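Read the figures in this text as sums done on the coordinates, not as results from a lab. Note that this is a predicted model, so its numbers are computed, not measured. Using ideal geometry, Cβ is built from the backbone for each residue, glycine included, and neighbour counts are taken over all protein chains shown.
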Amino acid sequence: MQFKVLRGDTILKILLATAALFIIGLVVALAAELFLGSASSIHSFGPSFLIGTQWRSSQNVFGALPFIYGTLLTSAIAIVIGFPISLGVAIFISEKLKGHQTFGYGLGIIVDLLAAVPSVIYGLWGVFILIPLLRDYVETPLHNSLGFIPLFSGNPFGYDFFTSGVLLAIMVIPTMSAVTRDVLSVVPNSQREAMYSLGATDWEVTQKSVLPYARSGIFGGFILGLGRAFGETMAVTMVIGNIPNITTNLFSAGATLSSLIANNFGESTGIYQSAIIEIGLILFFVALLVNGLARFMLWRMTSGARGRA
Amino acid sequence: MTKNSISWMQNHVRRQLKISQNKNLDSSTVKLATKDLKAKFGKAQVLKGINITFPENRVTAIMGPSGCGKTTLIRCLNRIHELTPNAKVEGEVILDGVNIYSPQVDPVAIRRRIGMVFQKANPFPTMSIFDNAVAGLKLAGVRNKETLDRVAERSLRMAFLWDEVKNDLKKSGLNLSGGQQQRLCIARALAVEPEVILMDEPCSALDPLATAKIEESIAALKKDFTVVIVTHNLQQAARVSDFTAFMYLGQLIEFGATKDIFEAPKNPLTEKYITGEFG
């Protein structure tokens with residue numbers, strides 16, 4: 001008599017485990033490749049690579065700091081502009097369009113569509129539309145009226161940190177608002193009604209009941225958007241000017257980790273190529289660090305026996 | 001049930017209502033009343049013209065089988081029903097002589113005067129026990145620490161929860177048991193000192209011990225509040241209420257002193273329901 005049968009369950013389990021292991025293997029392979037490729041650069045330049053501010057490939061002088069700075073600055077601008085807008089879009093769709101689901105659904109689809117536009121299209125649009133628009137109607141007035149503030153002190157040129165940040169903001173809005181919208185829409189109605197029954201206005205219900213309930217999910221959307229901003233290459237490369245720069249002046253050209261790689265990897269060899277791979281390694285770690293930090297904060301926020309009511 | 005027997009029932013209900021409304025039920029005054037109240041979800045008519053009065057400082061129970069419209073009725077009383085998409089209300093709800101559905105009345109102001117406790121305990125998960133208790137007060141703009149402390153203690157005591165949580169006020173409300181969470185929600189509703197407290201099957205998710213605790217607090221509440229409680233638990237209606245309304249298929253079948261309803265129901269449907277023949 002047979003007691004054990006190789007059932008479909010077991011086969012499925014093996015298949016699923018393989019898929020999961022494949023992902024782990026992929027991450028390990030990726031990290032290993034980056035480490036191997038950048039080994040000679042790490043060996044030659046050591047930690048000074050991270051804090052060096054000069055990048056002259058002809059003289060084999062490589063410093064990553066301007067690119068780290070460019071990545072962080074443009075992402076910060078993107079988040080500062082994009083997050084409030086995303087939150088507004090999400091609140092509007094989930095809280096204000098309650099009785100008009102078709103319209104809310106349609107608006108949601110349009111937002112999602114924005115996420116599907118290839119980034120090179122954003123780049124082209126940035127070059128031909130956004131740059132002249134921002135330069136003439138935003139940067140120049142800001143510079144003329146608030147030029148004494150270091151942020152706006154530079155002569156508006158268009159190809160700069162500011163334009164890159166705005167373009168990135170437009171690109172992270174679909175991600176952030178879609179996640180936020182989904183998170184808000186799963187807040188139980190009993191939470192809203194509880195606040196309404198205490199005599200709250202619509203906005204008080206959103207602000208004091210819905211948003212706090214959904215805060216960890218909103219934070220998740222924030223991080224996803226930040227991740228997108230960090231990694232986004234093509235569009236930024238097209239509008240940032242690609243000059244390594246560390247300055248508080250937002251109207252100055254700059255470069256990001258990913259734009260550097262995109263611009264130079266093709267023609268690089270030897271130690272130069274290794275240095276560029278090390279830039280990739282840094283990007284990998286910056287992304288890892290931010291995600292890790294976000295998860296840690298999320299964990300802190302959700303721990304303390306905070307489940308779901 | 002055939003169409004004929006329904007229309008017979010409706011006429012019968014109308015006759016009964018006239019009788020019960022003419023009778024001087026109690027010496028207390030009417031706090032809240034509805035006049036031909038109709039409610040809809042889209043095309044489905046859930047309430048088909050309800051006329052009922054809720055005496056001041058008394059507990060009125062609304063009972064009836066599932067789907068009879070009792071929850072919708074209570075949700076019309078503080079204008080929560082209309083927040084649901086496609087929900088509509090017609091008719092009047094009169095609080096102290098004023099129709100709360102008249103255009104110049106702000107539902108926000110009404111909900112401060114008519115508090116609500118829901119079927120499932122719904123404390124705010126990101127707030128501490130203390131902040132839950134005074135959430136409504138903070139909405140009303142109260143910032144004074146002493147006032148908040150005093151009101152939190154008072155309302156938690158009224159909800160018979162104070163002794164169990166007084167040392168854990170800063171902890172999350174989610175650490176509490178289901179029954180404690182529901183009493184926290186009662187305390188939260190009481191803190192804003194509404195005139196009427198609506199309770200929508202507040203014990204339906206609770207064990208008998210927690211239910212007893214809540215019933216104890218309901219009995220104490222009528223000293224200061226007018227209480228309307230929806231229940232499908234007959235024993236609960238008998239235990240806690242002074243008046244009982246029986247609803248069926250969106251209509252008020254019978255309303256009267258709880259004792260009369262349970263000992264001498266006038267409508268055969270009511271009798272059938274309380275003897276357990278349907279429900």
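For region A:161-218, the Stokes-Einstein estimate of translational diffusion at 20 °C and a viscosity of 1.002 mPa s comes to 167 µm²/s, using the Kirkwood hydrodynamic radius over alpha-carbon pairs. Mean partner shielding of peptide B:127-135, defined as the number of other chain Cβ atoms within 10 Å of each residue Cβ, is 1. The relative contact order of region B:144-233 comes to 32 percent, based on Cα pairs under 8 Å that sit 6 or more residues apart.
Summing Lys and Arg as +1 and Asp and Glu as -1 over all other residues whose Cβ lies under 11 Å from the Cβ of B:Lys35 gives a net charge of -2.
Taking amide H as placed 1.01 Å from N in the peptide plane, A:Gly52 has its amide H under 5 Å from the amide H of A:Ala64, A:Leu65, each at least 5 places away in sequence or on another chain. Each listed q (0.22 Å⁻¹) maps to a log10 I(q)/I(0) for region A:105-206 from the Debye sum over equal C-alpha point scatterers, namely -1.06. Who wins for biggest fluctuation among A:Gly227, A:Gly106, A:Gly158 in a Gaussian network model of chain A, springs between alpha carbons below 10 Å? Among A:Gly227, A:Gly106, A:Gly158, the largest mean-square fluctuation in the Gaussian network model of chain A belongs to A:Gly106.
For region A:21-302, what does the relative contact order come out to in percent, with C-alpha contacts under 8 Å and a separation of six or more? Relative contact order of region A:21-302: 29 percent.
Shown here is the pair-distance distribution of region A:1-65: with all Cα-Cα distances grouped in 5 Å bins from zero up to the longest one, the shares run 3, 14, 12, 13, 9, 8, 7, 7, 6, 6, 5, 4, 3, 2, 1, 0 percent. In summary, the convex hull built on the alpha carbon positions of region A:135-260 has an orientation-averaged projected area of 9.9 nm². Where only DSSP H runs of four or more residues are counted, chain A gives -21500 deg cm²/dmol as its mean residue ellipticity at 222 nm, each run worth -39500 (n - 2.57).
So how far, in whole Å, is the C-alpha centre of region A:111-157 from the one of region B:158-174? One Cα centre to the other: 54 Å. With the biggest extent put first, the Cα atoms of chain B measure 61, 43, 37 Å across the principal axes. Distance between the 7 Å Cα→Cβ label points at A:Leu133 and B:Ala109: 4.5 nm.
The radius of gyration of the Cα set in the protein assembly as shown, together with its Dmax, comes out at 32.4, 104 angstrom. Most tightly packed first, judged by the mean number of other beta-carbon atoms within 10 Å of their residues, the peptides B:122-132, A:210-220, A:58-68, A:285-295 read B:122-132, A:210-220, A:58-68, A:285-295.
Can you list which of the DSSP-assigned H helices in chain A have a Cα extent of 18 Å or more along the long axis and an average Kyte-Doolittle score of at least -1.0? The answer, listed by residue number, is A:8-45, A:65-91, A:101-116, A:161-185, A:215-231, A:270-302. The lysines whose alpha-carbon is closer than 21 Å to the alpha-carbon of A:Lys13, local same-chain residues fewer than 8 away aside, are A:Lys4.
The calculated FRET efficiency for the pair A:Thr269 and A:Val80, based on their C-beta separation and a Förster distance of 45 Å, comes to about 0.70.
Counting every pair of alpha carbons in region B:136-279, the share spaced more than 23 Å apart comes to 43 percent. Short-range pairs are left out: with C-alpha atoms under 8 Å and at least six residues apart, the relative contact order of chain B is 27 percent. The antiparallel fraction among DSSP beta bridges confined to the protein assembly as shown stands at about 60%.
If you plug the beta carbon distance of B:Glu90 and A:Ala115 into 1/(1 + (r/R0)^6) with R0 = 35 Å, you get a FRET efficiency near 0.20.
Which one, A:Ser209, A:Ser274, A:Ser190, has the greatest fluctuation when you compute a Gaussian network model over chain A with C-alpha springs under 10 angstrom? Between A:Ser209, A:Ser274, A:Ser190, it is A:Ser190 that shows the largest mean-square fluctuation. Here's the list of lysines a cross-link from B:Lys166 could span, going by alpha-carbon distance under 28 Å and ignoring same-chain residues fewer than 8 apart: A:Lys208, B:Lys120, B:Lys138, B:Lys145, B:Lys213, B:Lys222, B:Lys223. Pairs of Cα atoms in region A:21-302 fall into 5 Å distance bins, from 0 up to the last occupied one, in shares of 1, 6, 11, 13, 15, 14, 13, 11, 7, 5, 3, 1, 1, 0, 0 percent. Across region B:35-124, Cα-Cα distances exceeding 19 Å account for 41% of all pairs.
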